[in-house]
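Working notes for the structure below.
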Amino acid sequence: MNAQAVVPYADPTPLPAAVWLLEVLLVLGFVLHILAINGVLGATLIGLWTRWFGETPEHRRLSDSLMHSTTSLLSPAITFGIVPLLFIQVLFGNFFFTSSVLIAWPWLMVIALLLVAYYSLYIGSWWKNRASKLIDLSVFLALVFFLLIAFLFVNNMTLLITPEKWFAMYIADPTGMRLNLSEPTLIFRYAHMLLAAFGVGSLFVVALGLFHFKKEPDYGRFLIEHGGRWFIYITGLAMVAGFGFLFSLSAPFRQLFLGQSAFGTISLLLGIMLGLAAIFAISSAFQAKDPRRLAWAALILSALGVVFMAIVRDRLRDAFIAPYFHAAPLSVRYQVGPMAIFFALFILGLAFVAYMFGRFFRPERPASS
Amino acid sequence: MNFPVWDVWFGSGILIAIVAVVHVFVSHFAVGGGLFLVLTERKAYRENDSGLLSWLKLHSAFFVLVTVVWGAVTGVGIWWTIALVHPQGTSALIHIFVWFFGIEWVFFLIEIVAALMYYYGWEKLDRRTHLWFGWVYFIAAWMSLFTINGIIDFMLTPGKWLEDFQVWNGFFNPTYFPSLFFRSFLSFALAGVYALITAAWQKDPALKAKVVRWSSIWVLLNAILAIPAAYWYTQSIPPAVWAFAKGTLPAATHSAMLIGLSAFLAFVFAFIAWLLAKRTPLVLSLLVFLAAFSTVASFELLREILRKPYVIFGYMYGNSIYSVPLDGDRGLNLPTLNERGVLRTANWVQTREIHEDNMIQAGREIFRLECQACHSLGGYRDIGWLLRRKQLTGQPAILAILGVLDKIPTSSVMPPFAGTAKEKEALSHFLTSVVQSNS
């Protein structure tokens, strides 16, 4: 059957704002989500690694503080995930719902895996006997489950952009007990996303270093160097996998980022260059007398790199699904009042969260019972 | 039919029910529990009771594990599940209320951050600042309920929105305020229900007596306050719909009775706990917990049943067919489908034309498109079992009933059959084959 014929029609309810605005919110939400998720992945991996192979007291201290951080990082990571989930359903619901139904059971498993992983991290964080093997086991389980969740996401996101597969998949098995394993870009995309996530996530250790530097410069420097090394090596691997991903794309899509589309090409180039600049900054920080400025630069450069990579990802999806959009343009009817309230609350809410952080980390009075 | 129908052998509806109930039971605790934490902390400071404070620290750890983890993840889970089972309905809700979902998200973000700071702040913050974080948590959690309540109630009572499609009319719909009051009191009562669990673990008899009495009062007082709110809620539902719960529809009536019975039992068990105080066994706390769970589950079930045959009342049927034509619905509405045919309109079918030799296959596809949102083949609301129970085993009888699906006494909660006469015949042949193969 003609793939275009099975792609569901867009919802008859008009969009509540212009497409560009919703798309900006989608990308922004994705960036916030992925940065927090990267932090969780980096903290879990490095926390476990230093627990197993760390030889110095600093390693052990780092491991423990990472294990304690993961749960507090995962909460905002999940919460930020709601934003792209919301806006992808508004803009591309007819694609997203369909690909999800086709792999329904594995997709639903994400929730169960996340629940178990989350509680496992709490065991790693709260268990009183820090030498217990239960901590190793539970955090390792969480890490494995995170890898599985990422794999399921890549399955869905690649199926979302390939409607030509849908009808045959559905007719062969409408029970949703399958994955998108035949996708040629799957492994490269998965490897790239995961390695990049671990790479950026390892900067969480650098951020911890910046937090500690003023009071404990030696420990702060240790964290900046330790996290920085992880960042350099894994980001290097992520770039290799990224090129693998680029060249696993069929020519028309690959060319979008190799000159055919100025926007796509510049976005990809900026993403790569910002990543390289972040590597340069952090490696220079190792030699600097006061590494803080360069460490901050690495954090900011890599966050900007993530923004441009998110734009590349967005462009790629739009290019894939462009032929399947039904002729009628999506109608728009602004919901001015609710939209204004949302934006006002969004800005005030983020400012209020910042104020809460300030109040939490700088209590007005010393601790009392 | 615009989207592929997820074929779940045991019935996809039950999946939504399970995920929804386990989420709602915790998400309401997350709201009421916030107020419980701050008022109990204030009480401990006022009475200079370090024992009560120690218990509260333990209870707040339990609170974080239940609400921040289970509540948050199952909240995403219910969204995941409805999107798989009812993509068209979910799409409608998202399109209508995207900014409201966004507003709810802002409150949820504040709620989560405040909850963690409240918990980790026990040893770090002074009393005043710590209480401040508790209040921030509670206000954000209640505002989250304030926002999501409008979307949930919209599905049952969209009110004037059906006439003018104005989003504020959909949000502040006829059951909005009674539901907000009812859910608020329910959440405060649940705070006491959960506290009774950790209270029952206490070893110190004096402390245990104090915490059990305090927690029981939360259950008893709020259960009483919820009664007028529940009555107001029932009065806000259109009388014709509410008639189902008052006897017309057995399943709705059973759920309504179960709410009353479970709530009464929760009240009685909580009262016994108040009387026993320091002698309250864990099993009694668990009985309060189970009765409260049954109350919440029955309430959610009743709301779902009352909404039938719609997923959004008066707008979209449970099988994703629009009840009236809409601009841009591409013919996925009842009158057009009756005229044009389901198989020619739907996206995900193999059989477009019906002949004598493909009747059953065509009927199977129509069953998936129109019936499988509620019925299954061998699982929940098994169609074969239901037809046999009603002694509808022959093709002519089944064909006849398909013509009056929305007019069957005692179960007038079915959408009307959508499609041509030939399609109705094909479905009747398929259903006959199901009944006969199982008999």
query = Only one of (1) free of Cβ contacts under 8 Å to residues at least 24 places away in the same chain; (2) crowded, with 21+ Cβ neighbours inside 10 Å is not met by B:I321, so which one is it?
reply = (1)
ask   = Going by the conditions given, is B:E339 farther than 30 Å from B:W201 by Cβ and surrounded by 19 or more Cβ atoms within 10 Å (Cβ to Cβ)?
value = no
request  = Sort out which residues of region B:150-165 are touching a Phe, Trp or Tyr at 6+ places or on another chain (Cβ under 8 Å) and surrounded by fewer than 21 Cβ atoms within 10 Å (Cβ to Cβ), and write them in order of number.
outcome  = B:I151, B:L162
request  = Could you please find all residues in region A:223-260 being in contact (Cβ under 8 Å) with a residue 24 or more places away in the chain and of a type in the set (G, A, S)?
outcome  = A:G227, A:G228, A:G236, A:A238, A:A241, A:G242, A:G244, A:S248
ask   = Pairs under 8 Å by beta carbon, first residue free of Cβ contacts under 8 Å to residues at least 40 places away in the same chain and open to solvent by 10 Å² or more (accessible area, probe 1.4 Å) in region A:60-76, partner assigned to a helix (DSSP H, G or I) and among the basic types (K, R), six or more apart or different chains?
value = A:R60/A:R51
inquiry  = assigned to a helix (DSSP H, G or I), without any contact (Cβ under 8 Å) to a residue 12 or more places away in the chain, open to solvent by 30 Å² or more (accessible area, probe 1.4 Å) and not acidic (D, E): is that true of A:I266 in this structure?
reply    = yes
inquiry  = Go through region B:49-90 and report how many residues are buried (at least 21 other Cβ atoms within 10 Å of the Cβ) and not in a helix (DSSP H, G or I).
reply    = 1
ask   = Taking only pairs six or more apart or across chains, which ones have beta-carbon atoms under 6 Å, a first residue in region B:371-390 that is open to solvent by less than 30 Å² (accessible area, probe 1.4 Å), and a second residue that is of a type in the set (V, I, T)?
value = B:Q372/B:V5; B:H375/B:I383; B:G384/B:V434; B:G384/B:V435; B:L387/B:V435
message = Looking at region B:123-144, can you tell me whether even one residue there is in contact (Cβ under 8 Å) with a residue 24 or more places away in the chain and not in a helix (DSSP H, G or I)?
response = no
key: Qualifying residue in region B:160-176 (condition: in contact (Cβ under 8 Å) with a residue 24 or more places away in the chain and within 18 Å of B:L35 (Cβ to Cβ))   = no
task = Report, by residue number, each residue of region B:329-348 that is within 14 Å of B:L427 (Cα to Cα) and within 14 Å of chain A (Cβ to nearest Cβ).
result = B:L343
inquiry  = Can you find, within region B:118-134, the residue that is farthest from A:F346 (Cα to Cα) among those that are open to solvent by less than 10 Å² (accessible area, probe 1.4 Å) and facing another protein chain (nearest Cβ under 7 Å)?
reply    = B:D126
The listed residue being more than 18 Å from B:M143 (Cα to Cα), more than 9 Å from every other protein chain (Cβ to nearest Cβ) and polar (S, T, N, Q), out of B:T40, B:T90 = B:T40
task = Being touching a Pro at 6+ places or on another chain (Cβ under 8 Å) and surrounded by 20 or more Cβ atoms within 10 Å (Cβ to Cβ) narrows it down to one of B:L109, B:L93, B:L37, so name that one.
result = B:L109
message = Which of the numbered conditions does B:V68 fail, given that it passes all the others? Conditions: (1) more than 7 Å from every other protein chain (Cβ to nearest Cβ); (2) among the β-branched types (V, I, T); (3) over 17 Å from the mean Cα position of the chain (by Cα).
response = (1)
key: Conditions (1) more than 7 Å from chain A (Cβ to nearest Cβ); (2) within 20 Å of B:W135 (Cα to Cα): number failed by B:V21   = (2)
Verdict on B:W214 being open to solvent by 10 Å² or more (accessible area, probe 1.4 Å), more than 23 Å from B:R303 (Cα to Cα) and modelled with pLDDT of 95 or more = yes
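The values are calculated or read from the model by the stated rules, or taken from the named source; none is laboratory data. This structure is a prediction, so every number in the text was calculated from the model and none was measured. Cβ: placed from backbone, ideal geometry, glycine included. Neighbour counts: every protein chain shown. Surface areas here come from the heavy atoms of the whole protein model, side chains and all, with no ligands, DNA or RNA. Shrake-Rupley method; radii C 1.70, N 1.55, O 1.52, S 1.80 Å.
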